[in-house]
Amino acid sequence: MADKFDVIVIGAGPGGYVAAIRAAQLGLKTACVEKWIGKEGKVVHGGTCLNVGCIPSKALLEASHKFVEAKHDFDDMGIEAGDVTMDVKKMMARKDTIVKNLTGGIAGLFKANGVTALEGTGKVTGSKQVEVTDKDGNSASYEADNIVVAAGSVPVEIPPTPLTEGLIVDSTGALEFQETPKRLGVIGAGVIGLELGSVWSRLGSEVTVLEAMDDFLPMVDSAIAKETQKLLKKQGLDIKLGARVTGSEVKGDEVVVKYSDSQGEQELTFDKLIVCVGRKPYTKGVIGDGVGVDLDERGFIHVDDQCRTSVPGVYAIGDCVRGPMLAHKASEEGIMVADIIAGHKAEMNYDAIPNVIYTFPEVAWVGMTEQDAKAAGIKVKTGAFPFAASGRAMANNATEGQAKVIADAETDRMLGMHIVGQHAGEMIAQGVIAMEFGSSAEDLALSCYAHPTMSEAVHEAALAVEGHAIHMANRKKRK
Ligand code: FAD
Ligand code: AMP
């Protein structure tokens, strides 16, 4: 038996590495096991988020957005940029450098905080025991009073579209294209499908998104979802709803995709196809036989509100447990669990987790939609404000979208905030904080916002809840 630890964390994604750092900060002797092999053939930290998720996708979204701005919007501002072109390989190299810097940074944070980094595949072999097997097959067993499983998730594959090197790819493959495909198919109009579809559409691909469901972004307030759909369509994304992919055939350099919609069986041909139909927990093999940690039928580790599994002292967090598959949700669970292990009181407010889609404009939301609230029998009042009426949005050349506030009609308590607009992902923090503090819509309305900012639209939306928006005609009658 090798070293004994207070805490061993399995997985160094945003759930695991954050849990490990917090535990070490609280004085616990902590180790974190990671097996991800990076592009340079060595173990790297950061998990899906830093290696093939949040960060590389945002690097490509930012670069491709700047390209569109330079090509189409600069002229309006009097900037003559000449013939703007995109060097895809250079864009990819920049993305790789960002990933390398960030993943390398975690090793530095581990060192600074005294976290022991263990390289290899971790397996819970007992309620206080973890076995780590390195890439050469050598195993070592470690004892720990507490174990945190943060094994993450992997993309879902579907039988109609088996991955085919360079032609039919998942999100990871779509972050590696070295040239812009002419005709690009995307299966799934979820967050990842819309973001990756946007990147390549901006760079010149003809993008068709095939989505099985009839509703577009059902988790977003319908007014915001509708406007988003219109804006993405205007940008050239052909989003086909009610289109279920049923088969595919690789013919030379092309992929023929079969799908069924209300008209019957259809077919489309693409140069590349991205499968973005969701992610599943990556828990196979991480829990040894007989340990007693319960998994559900889809492979998620069963946990309570404080991420305790069915075995005392064993916790699980992030994408491998219930709840939204988001990096910040994983990190917050990591902090909560480390605090609990250190003997502190800790809990998480699952009702105030922000979501962002990094399209242009961004879509961001927290809490209930107007439809959710009504379905739950809650009487609501809402206020919305269009960016078209915002001075800052005009100056920014970003007048598309709106901010919407949803409040309880009786108590005025904030139930949700949904935004489509430039920097919506930054603005949504106001909604999160308001909800964390149990604020009323009036609390936001009575706050002083800097002028001119995009956030003033949130202020105006909060004012509009009582019909008091200043910069909007046709407002409700003052009470
Ligand atoms: P992961 O990040 O998946 O990390 C798990 C780690 O555990 C991995 O490093 C894995 O190698 C390791 N591991 C697994 N099993 C073992 C084992 N047995 N032994 C040792 N190590 C093991 N979320 C956002 O919040 N914002 C975004 O903008 C965003 N964009 C995304 C874009 C894309 C294209 C994708 C694919 C995802 C995106 N996500 C985003 C989701 C986000 O990446 C995940 O929610 C997040 O990474 C989950 O963190 P985690 O720590 O639970 O798991
Ligand atoms: P998300 O879970 O947000 O990543 O989104 C994945 C999307 O893929 C969901 O909206 C699913 O409805 C969609 N989807 C799953 N399977 C298919 C399929 N065979 N054809 C088209 N869309 C699909």
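Of all trypsin sites (Lys or Arg not before Pro) in region 350-447, which ones are in loop regions per DSSP and have a Cβ with at most 12 other Cβ atoms within 10 Å?
Numbers: sites: K374, K379, K381, R392, K404, R413; in loops: K379.
Sites meeting the loop and neighbour criteria: K379.
I'd like the antiparallel share, as a percent to the nearest 5, of DSSP beta bridges with both residues in region 168-277. If you can, show how the numbers build up before the last one.
Working: 14 of 28 bridges.
Taking every DSSP beta bridge with both residues in region 168-277, the antiparallel ones total about 50 percent.
Starting at the first residue of region 114-119, write each ³J(HN,Hα) from the Karplus equation 6.51 cos²θ - 1.76 cosθ + 1.60 with θ = phi - 60°, in whole Hz, x for Gly and Pro.
These are the phi-based 3J(HN,Hα) values: x, 7, 7, 8, 9, 9 Hz.
Using only the alpha carbons, work out the radius of gyration and Dmax of region 1-41 in angstrom.
For region 1-41, the Cα radius of gyration and maximum Cα-Cα distance read 11.5, 34 Å.
Based on alpha-carbon centroids, what's the gap between region 280-342 and region 24-59 in Å, whole number please?
That distance is 18 Å.
Which entries in K39/K135; K234/K329; K66/K89; K58/K404; K100/K182 show an alpha-carbon gap greater than 21 Å? Numbers along the way, then the final one.
Working: K39/K135 15 Å; K234/K329 32 Å; K66/K89 16 Å; K58/K404 25 Å; K100/K182 29 Å.
Over 21 Å Cα-Cα: K234/K329; K58/K404; K100/K182.
Starting from the Cα gyration tensor of region 180-308, take the square roots of the eigenvalues, sort them a ≥ b ≥ c, and report rounded, prolate or oblate (rounded when a/c is under 1.5, otherwise prolate if a/b is larger than b/c, else oblate).
Details: a/c = 2.25, a/b = 1.64, b/c = 1.37.
Note, shape of region 180-308 comes out prolate.
Just from the alpha-carbon atoms, what are the Rg and Dmax of the chain in angstroms?
23.8, 74
Using a 1.4 Å probe on the protein chains only, how many percent of the accessible area of region 352-464 belongs to carbon and sulfur? Could you put the intermediate results ahead of the total?
Values: 2390 of 4440 Å².
Carbon with sulfur: 54 percent of the solvent-accessible area.
Please tell me the relative contact order of region 377-476 in percent, rounded to the nearest whole number, where contacts are Cα pairs under 8 Å and at least six residues apart. Walk me through the numbers before you get to the answer.
On the way: 195 pairs, mean separation 30.4, N = 100.
Relative contact order of region 377-476: 30 percent.
Run the accessible area of region 125-276 with a 1.4 Å probe and give the carbon-and-sulfur part as a rounded percent.
On the way: 3140 of 6710 Å².
Carbon plus sulfur share of accessible area: 47 percent.
Can you tell me the length gained on complete extension of the stretch A112 to S260, counting 0.36 nm per residue apart and subtracting the Cα distance? Mind dumping the intermediate values first?
On the way: separation 148, 0.36 × 148 = 53.28 nm, distance 5.47 nm.
Residue separation times 0.36 nm, minus the Cα-Cα distance, leaves 47.8 nm.
I'd like to check one number: the per residue accessible area of region 168-277, probe 1.4 Å, reported in Å² as a whole number. Show your work: numbers first, answer last.
On the way: 4660 Å² over 110 residues.
Ligands and nucleic acids excluded, the result is 42 Å² per residue.
Would you compute, from DSSP H runs of 4+ residues alone, the mean residue ellipticity of the chain at 222 nm, taking -39500 (n - 2.57) per run and dividing by the full residue count, rounded to the nearest 500? Please report the intermediate quantities before stating the final value.
Numbers: 13 runs with 140 residues, N = 479.
Helix-only estimate at 222 nm: -9000 deg cm²/dmol.
Just flag the GluC sites (Glu not before Pro) in region 235-295 sitting in loop per DSSP whose Cβ has no more than 10 other Cβ atoms within 10 Å. Write down the numbers at each step before the final one.
Numbers: sites: E249, E254, E265, E267; in loops: none.
Listed in order of number, the matching sites amount to none.
Looking only at the chain, where both bridge partners belong to it, what percent of the DSSP beta bridges are antiparallel (to the nearest 5)? Write down the numbers at each step before the final one.
Values: 54 of 86 bridges.
The answer is about 65 percent antiparallel.
Probe of 1.4 angstrom, ligands and nucleic acids ignored: what's the accessible area per residue over region 352-464, in square angstrom?
Working: 4440 Å² over 113 residues.
It amounts to 39 Å² per residue over region 352-464.
Separation of region 202-216 and region 412-427 by C-alpha centroid, Å?
If you average the Cα positions of each part, the centres end up 24 Å apart.
Relative contact order, percent, of the chain when contacts are C-alpha pairs under 8 Å separated by at least 6 residues? Provide the component values of the computation, followed by the final result.
Values: 1076 pairs, mean separation 67.2, N = 479.
Relative contact order, the chain: 14 percent.
With every protein chain present, what is the per residue accessible area of region 24-68 (1.4 Å probe, Å²)? It would help to have the intermediate numbers written out before the result.
Numbers: 1830 Å² over 45 residues.
Each residue of region 24-68 exposes 41 Å² on average to a 1.4 Å probe.
Simple spin-label model, 7 Å along Cα-to-Cβ: N349 to S310 in nm?
3.3
Find, among the GluC sites (Glu not before Pro) in region 61-165, those assigned to loop by DSSP (not H, G, I, E, B) with at most 14 other beta-carbon atoms within 10 angstrom.
Details: sites: E62, E69, E80, E119, E131, E143, E157, E165; in loops: E80, E157, E165.
Qualifying residues, ordered by number: E80, E157, E165.
Taking N as the number of residues in region 352-464, what is its Cα Rg relative to 2.2 N^0.38 Å?
On the way: Rg = 13.0 Å, N = 113, 2.2 N^0.38 = 13.3 Å.
Normalised Rg, Cα atoms only: 0.98.
Using the Kirkwood radius over Cα pairs, work out the Stokes-Einstein diffusion coefficient for region 91-219 at 25 °C and 0.890 mPa s, in µm²/s as a whole number.
On the way: Rh = 18.6 Å.
Approximately 132 µm²/s, per Stokes-Einstein.
For region 416-479, evaluate the Debye formula with one uniform point scatterer on each Cα (no solvent term) and list log10 I(q)/I(0) at q = 0.16, 0.19, 0.20 Å⁻¹, rounded to two decimals.
-0.51, -0.72, -0.79
The values are calculated or read from the model by the stated rules, or taken from the named source; none is laboratory data. Just so you know, these numbers come straight off a predicted model, no measurement behind them. Glycine gets a Cβ as well: all are built from the backbone with ideal geometry, and neighbour counts include every protein chain shown. SASA here: full protein model, heavy atoms, side chains in, ligands and nucleic acids out. Shrake-Rupley method; radii C 1.70, N 1.55, O 1.52, S 1.80 Å.
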